[in-house]
1. Give me the net charge of residue 49's neighbourhood, meaning all other residues with Cβ under 15 Å from the Cβ of residue 49; Lys, Arg count +1, Asp, Glu -1.
2. Can you give the FRET efficiency for residue 136 and residue 105, using 1/(1 + (r/R0)^6), R0 = 35 Å, r = Cβ-Cβ distance, to the nearest 0.05?
3. Indicate the gyration tensor shape class of the stretch 28-121 (rounded, prolate or oblate), computed on the Cα atoms with a ≥ b ≥ c the square roots of the eigenvalues: a/c under 1.5 is rounded; otherwise a/b larger than b/c is prolate and the rest oblate.
4. Using modelled backbone amide H atoms (1.01 Å from N, in-plane), which distant-in-sequence or interchain residues come within less than 5 Å of residue 49's amide H?
Amino acid sequence: MIELPLVAGAADNGQSAPADAKVKVKGEIMELVSPQQTLDLVTSGAAYGIDVREQSEWDSGHFDKFVLNPLSSFDLTAVPTDKPVIFICRSGNRSGQVCNAIAPTGADVMNMEGGMLAWQAAGLPMSAASGAPLIE
C-alpha cells in the first residue's frame with residue numbers, strides 16, 4: 001500500500017466541471033470523462049474503472065465492471081498500467097485527488113465527472129448489496 005498526498009478530510013461536495021473540461025495537473029492534463037463515456041470505455045474494455053469510495057458506499061450502489069480500491073486503504077500496486085484507468089467516487093472529488101496524485105507518474109488516468117451521483121442521475125446500470133442501489 002502507498003500513501004497518496006491527498007487533502008485530508010476533503011469534502012465530496014457534488015460540484016462538477018463542464019463536460020469538456022480538462023484539469024491541469026503539474027504540467028500534465030487530467031481528462032474528465034462523463035458517466036456515459038465511462039460506461040462505454042469500461043464496457044468495451046478500452047479502460048478500467050476503479051471506484052475509490054469506501055466499502056459501505058460501494059455496497060449502496062456501484063457498477064459491476066468497476067473495481068473497488070478504497071481511498072482509505074488505496075493500493076497503488078493494484079492500479080493496472082496496460083490501458084487507461086478511470087477513477088470514480090461519489091461526486092468526482094476524491095477520484096480527482098487520486099488522479100492528481102497518480103498523473104505525475106505518467107499513468108493514463110481520467111476522472112469521472114460528477115461521480116456516482118451523476119451516474120445515478122443518468123440512469124446508468126448499478127447494483128447494490130441490498131438489491132436497491134441508491135447513491136446519496
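Rule-based calculations on the coordinates, nothing more; no lab input. On a predicted model such as this, the values are computed, not experimentally measured, just so you know. Note that we place each Cβ from the backbone using ideal geometry, even for glycine, and neighbour counts take in every protein chain shown.
1. Working: positive: 53, 65, 83, 90, 94; negative: 31, 40, 51, 57, 64, 82, 108, 113.
Spelling it out: positives minus negatives among the neighbours equals -3.
2. Working: r = 33 Å, r/R0 = 0.95.
Rounded to the nearest 0.05, the efficiency is 0.60.
3. Values: a/c = 1.39, a/b = 1.17, b/c = 1.19.
Taking the square roots of the gyration eigenvalues as a ≥ b ≥ c, the stretch 28-121 is rounded.
4. The list, which skips near neighbours in sequence, is 67, 86.
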